[in-house]
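Nothing in this text is a laboratory measurement; each read-out follows from the coordinates by a stated rule. Here the structure is a predicted model, which means the values were calculated and not measured.
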Amino acid sequence: MSNFYNEILTDHNLHPVHKKELTCCTCTRDGVNPSCGDEITLNLMIENGVIADGSFTGSGCAVSQASSDIMLDLVIGKSTDEAQRLHGLFMKMIRGEADETEIGELEEAGALSDISHMPARVKCAMLGWKTLAAMLENNS
């Protein structure tokens, strides 16, 4: 596992920007990883098709919590269509199918590319992203 990966996880676990209540959300969705018990509640404020703000609460391992925080960094300010496209790129990366350019588009989330080699952690990394995709699918 790379030092960059460890630094990203550590920073997002010690200083999560988006782990908080969001009182002005327009949609909320719960997500759970039944394999390990990680759980999150994802909150978004969507205005005119753009994710204006977002947060999450819940508990889980370092990977699920950091991945959710990183995901929100990436999608806040983006259209819901762009967020869905980024979800697709993230899933492609987790399956080990993304090229370097696609991984680069994921910015900090690209640091989680090594997760594809750790089967026990794949569902942890995907928790926030799958919750986001389900939320956007139901609110489009």
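Here region 39-140 yields Rg over Rh of 0.94, to two decimals, using C-alpha coordinates and the Kirkwood radius.
Backbone amide hydrogens, once placed in the peptide plane, bring GLY54 within less than 5 Å of MET45, excluding anything fewer than 5 places away on its chain. Phi-derived couplings, Karplus 6.51 cos²θ - 1.76 cosθ + 1.60 at θ = phi - 60°, listed residue by residue for region 21-28: 6, 10, 6, 9, 6, 9, 8, 9 Hz, with x used for Gly and Pro. A helix-only calculation puts the chain at -15500 deg cm²/dmol for mean residue ellipticity at 222 nm, using -39500 (n - 2.57) for each DSSP H run of at least four residues, averaged over all residues. For the chain, the relative contact order works out to 26 percent when only alpha carbon pairs closer than 8 Å and six or more residues apart are counted. Here the Karplus relation 6.51 cos²θ - 1.76 cosθ + 1.60, evaluated at θ = phi - 60°, turns the backbone of region 113-121 into coupling constants of 4, 5, 4, 4, 8, 10, x, 5, 9 Hz, with x for every Gly and Pro.
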